[in-house]
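Chemist: Quick one: the structure is below, and I'll ask about it shortly.
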Amino acid sequence: MPPTDQTCRIFGHGSGAAGDELNSRASFERVQSLGCAGVELDVRRTQDGKLAVVHDALLPDGRDVARTAAEDLPGSIPLLEEILDGLAGMQVNIEIKNYRGDPHWDPAQLVAKQVVELIAARGGRDDVLISCFGRECLAEVRRLDRGLPTAQLLLSRRPIPDLLDAVVADGHQSVHPYDTMVDADFIAEARARGLRTHAWTAEDDSPQRLATLISLGIDGLITGAPELALALLRER
């Protein structure tokens, strides 16, 4: 059954602008103040088993996040539980950074297990959407809790029907393609399979491209330019 709510949801994601760094506390506060539907953030596991909200596998000084204790991380890197507390009432798209090709690929899926455990321990008070490039990671999330909504991240040149058929077979409700993959046919194919499409964009978000994605009837945008996306929505 295709989704019936066609309102485009804006998931704010930090940018490269000073004071709005990716996954920074300031970026989450900005997105929250704008009234976005949600935020997108990235999660990695530290050496001592904490869930750090950080994109890259390496810190600016070259240390590995996976080989660094949480207390030794830069103070600018928050932990997931802290951010969930601060974003109460918003949907939080948690992108788990664990997939084949990642510098710290963990086939044991410890980070997925800990994300699910944290959400369960918080008593279901969080509105979350779990995404990842790794099919194995998402499979582990669904094995542990089928009630958690999941989304497959995509950056691929394979035929769209094949990609979307795999997303459906894996039991996900949403698909998160890179924005250049998305056109009217992609959205139609996703809707025919009952999938929501939330496109993610690079840091060079342009008004023309965001307007095009919105005009196609996309279900959501994961963008570092949420003010621009919201303004374009208001103009429709």
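Chemist: Here are some residues: Thr223, Thr212. Which one is surrounded by 14 or more Cβ atoms within 10 Å (Cβ to Cβ), in contact (Cβ under 8 Å) with a residue 60 or more places away in the chain, out of contact with any strand residue (DSSP E or B) (no Cβ under 6 Å at 6 or more places or on another chain) and among the polar types (S, T, N, Q)?
Modeler: Thr223
Chemist: Considering each of Asp127, Asp145, Asp72 in turn, give the residue that is out of contact with any helix residue (DSSP H, G or I) (no Cβ under 7 Å at 6 or more places or on another chain) and either surrounded by 19 or more Cβ atoms within 10 Å (Cβ to Cβ) or within 28 Å of Cys8 (Cα to Cα) (or both).
Modeler: Asp127
Chemist: Looking at Asp106, Asp162, can you tell me which residue is among the charged types (D, E, K, R), in a loop (DSSP other than H, G, I, E, B), at pLDDT 95 or above and over 15 Å from the mean Cα position of the chain (by Cα)?
Modeler: Only one candidate passes the filter, namely Asp106.
Chemist: Still on this model: Taking segment 111-135 only, how many residues are part of a helix (DSSP H, G or I) and either among the small types (Gly, Ala, Ser) or closer than 22 Å to Arg67 by Cα (or both)?
Modeler: 10
Chemist: So which of Leu84, Leu138 ends up being under 17 Å from Arg196 (Cβ atoms) and surrounded by 20 or more Cβ atoms within 10 Å (Cβ to Cβ)?
Modeler: Of the residues listed, the single one that is under 17 Å from Arg196 (Cβ atoms) and surrounded by 20 or more Cβ atoms within 10 Å (Cβ to Cβ) is Leu138.
Chemist: Among Val39, Val31, which is the only one that is among the aliphatic types (A, V, I, L, M) and outside any strand (DSSP E or B)?
Modeler: Residue meeting the stated conditions: Val31.
Chemist: Have a look at Ala202, Ala151 and point out the one that is at pLDDT below 95, under 14 Å from the mean Cα position of the chain (by Cα) and not in a helix (DSSP H, G or I).
Modeler: On inspection, the qualifying residue turns out to be Ala202.
The values are calculated or read from the model by the stated rules, or taken from the named source; none is laboratory data. These figures come from a predicted structure and were not determined experimentally. Reconstructed Cβ throughout: ideal geometry from the backbone, glycine too, with neighbour counts over all protein chains shown.
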